[in-house]
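Trainee: This is the structure I want to talk about, given as C-alpha cells.
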Amino acid sequence: MSEERFGEFVLVRRHGDGHVAELALDRPKAMNAVSTAMAQSLGAACAALAEDRGVRVVVLTSTHERAFCVGADLKERNSFSDADLLRQRPVTRGAYTAVLELPQPTVAAVHGFALGGGFELALSCDVIVADRTAVVGLPEVSVGVIPGGGGTQLLPRRVGAARAAELVFTARRVAAEEARELGLVDQLADEGRDREDALELASRMAANSPVGLRAAKRALRLGHGLDLRAGLEVEDAAWRSVAFSGDRAEGVAAFNEKRAPRWPGE
C-alpha cells in the first residue's frame, strides 16, 4: 500500500495493485471538521484521483475513531466576516463538487458522526456503507443556514422530496438502523467494520472494466431525473463510448476463453 498526503488533513492510500484508492479525511483533532485548508486539500486530492487512469474505485474514509466528519468548521467560521465567508464559499463548494464529480465509482465508509457537510460528503458518493455506530443528519437549519454542500439536492434523490424535507426541516440526527431503513445509507456493517466492508465492496467493483465503470457511472449520473427517452439517449452515448474500446474486446475474449480479463483500461 502506498500513501500520498495532500496538505495536512487529507491522505490518499492506494491498495494492492492500486486500482482501489482510499481518500481518507485526516483531521482527527477536529473530528474532520471541514476548514478552508481541508477543503482545498480535498479538492486537490480529488483532482489527482480523477486524472489517475489506474484508479478504478475510490473509497472515502475517516481516520477518526468516533466520527466520519462533523461538517463545517464552525470555530473557524465564527471568526469570519461576511466577506471572509463569501471568499470561502467557492473553496468549500469546490471540495464537495470534487467528490461528487469523481469519474470513478465512489464508496463512503461511515462510522460515528456524519453530520451536515460530513453527511453531504457521504451523499456525494455512489454507495454509502455505515457501521452500527453511525449517526447521520443535515442539522444546518438549527444554526441558521441550509445544507450547502449538495444536501438539498442529493438527499431527495435518495429518499424522495417529502422525506428529505422532514429530515432537513427538523434537523434531526438519525441512527444507523433507521438510516438504513430510510435509505440514507445503503449497507450496514458491524461496528468498526465500515472501512473494511467498503474496501471489500470496492475491490469487487474494481475487478471490472475501468472503461465500463466510468461509462456506467456517467450514464447513471447524467440520466438520473431525465424522462425515459432522454435517459436512454444518455445510455446510448455511454454505450457508444465503450463499444469499440480495448476493454470491450478483452472482456469478450476473456469470456469466450474462460479466463479472467486483463483490462487494458482504454
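The values are calculated or read from the model by the stated rules, or taken from the named source; none is laboratory data. Worth saying up front: this structure is predicted, and the values here are computed from it rather than measured. Note that we place each Cβ from the backbone using ideal geometry, even for glycine, and neighbour counts take in every protein chain shown. Only protein heavy atoms, including side chains, enter the accessible area calculation; ligands, DNA and RNA are left aside. Shrake-Rupley method; radii C 1.70, N 1.55, O 1.52, S 1.80 Å.
Trainee: Inspect all residues belonging to region 86-97 and state whether any of them is closer than 28 Å to residue 200 by Cβ and either in contact with a Pro (Cβ under 6 Å, 6 or more places away or on another chain) or open to solvent by less than 30 Å² (accessible area, probe 1.4 Å) (or both).
Mentor: Yes, region 86-97 has at least one match.
Trainee: Then there's this: I'm trying to understand the selection: among the residues of region 1-12, which are crowded, with 18+ Cβ neighbours inside 10 Å and either in a strand (DSSP E or B) or charged (D, E, K, R) (or both)?
Mentor: Correct list: 6, 10, 11, 12.
Trainee: In region 220-263, which residue that is acidic (Asp, Glu) and in contact with a Ser or Thr (Cβ under 9 Å, 6 or more places away or on another chain) is nearest to residue 106 (Cα to Cα)? Walk me through it before giving the result.
Mentor: As a first pass, look at region 220-263 and keep what is acidic (Asp, Glu): 227, 233, 235-236, 247, 250, 257.
If we keep only those that are in contact with a Ser or Thr (Cβ under 9 Å, 6 or more places away or on another chain) as well, we get 247, 250.
Values: 247: 21, 250: 24 Å.
It comes out as 247.
Trainee: Right, another one. Checking residue 85 against (1) farther than 20 Å from residue 45 by Cα; (2) at pLDDT 95 or above; (3) part of a helix (DSSP H, G or I): exactly one of these is not met. Which one?
Mentor: Answer for residue 85: the failing condition is (2).
Trainee: Another question, if that's okay. When the residues of region 19-63 are narrowed to those that are assigned to a helix (DSSP H, G or I) and under 12 Å from the mean Cα position of the chain (by Cα), which ends up nearest to residue 84 (Cα to Cα)? Break it down into steps so the answer makes sense when it comes.
Mentor: Step one: of region 19-63, the residues assigned to a helix (DSSP H, G or I) are 28-30, 36-51.
Narrowing the set further to residues that are under 12 Å from the mean Cα position of the chain (by Cα) leaves 42, 46.
Details: 42: 20, 46: 24 Å.
Ranking the candidates gives 42 first.
Trainee: Between residues in region 96-118 that are farther than 23 Å from residue 146 by Cα and residues that are aromatic (Phe, Trp, Tyr) and open to solvent by less than 10 Å² (accessible area, probe 1.4 Å), which pairs lie under 8 Å by C-beta distance while being six or more apart or on different chains?
Mentor: Taking only residues 6 or more apart or on different chains, the pairs are 109/68; 111/68.
Trainee: Residue check: is residue 61 in contact with a helix residue (DSSP H, G or I) (Cβ under 8 Å, 6 or more places away or on another chain) and over 24 Å from residue 207 (Cβ atoms)? Before you say what the answer is, go through the steps one by one.
Mentor: Values: in contact with a helix residue (DSSP H, G or I) (Cβ under 8 Å, 6 or more places away or on another chain): yes; over 24 Å from residue 207 (Cβ atoms): no.
So residue 61 fails the test.
Trainee: Out of 188, 154, report the one residue that is under 26 Å from residue 220 (Cβ atoms), assigned to a strand (DSSP E or B), open to solvent by 10 Å² or more (accessible area, probe 1.4 Å) and not small (Gly, Ala, Ser). Don't jump to the end; show me each part of the working.
Mentor: Working: 154 fails: assigned to a strand (DSSP E or B).
The conditions single out 188.
Trainee: Are any residues in region 52-93 free of Cβ contacts under 8 Å to residues at least 12 places away in the same chain and either among the polar types (S, T, N, Q) or under 17 Å from residue 3 (Cα atoms) (or both), and if so, which ones?
Mentor: 78, 79, 81
Trainee: Can I ask one more? Regarding region 128-139, can at least one residue be identified that is without any contact (Cβ under 8 Å) to a residue 60 or more places away in the chain, outside any loop (DSSP other than H, G, I, E, B) and over 21 Å from residue 60 (Cα atoms)?
Mentor: no
Table: residues versus (1) open to solvent by 30 Å² or more (accessible area, probe 1.4 Å); (2) part of a helix (DSSP H, G or I); (3) modelled with pLDDT under 95.
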{"site": "205", "(1), (2), (3)": "yes, yes, no"}
{"site": "218", "(1), (2), (3)": "yes, yes, no"}
{"site": "226", "(1), (2), (3)": "yes, no, no"}
{"site": "247", "(1), (2), (3)": "no, yes, no"}
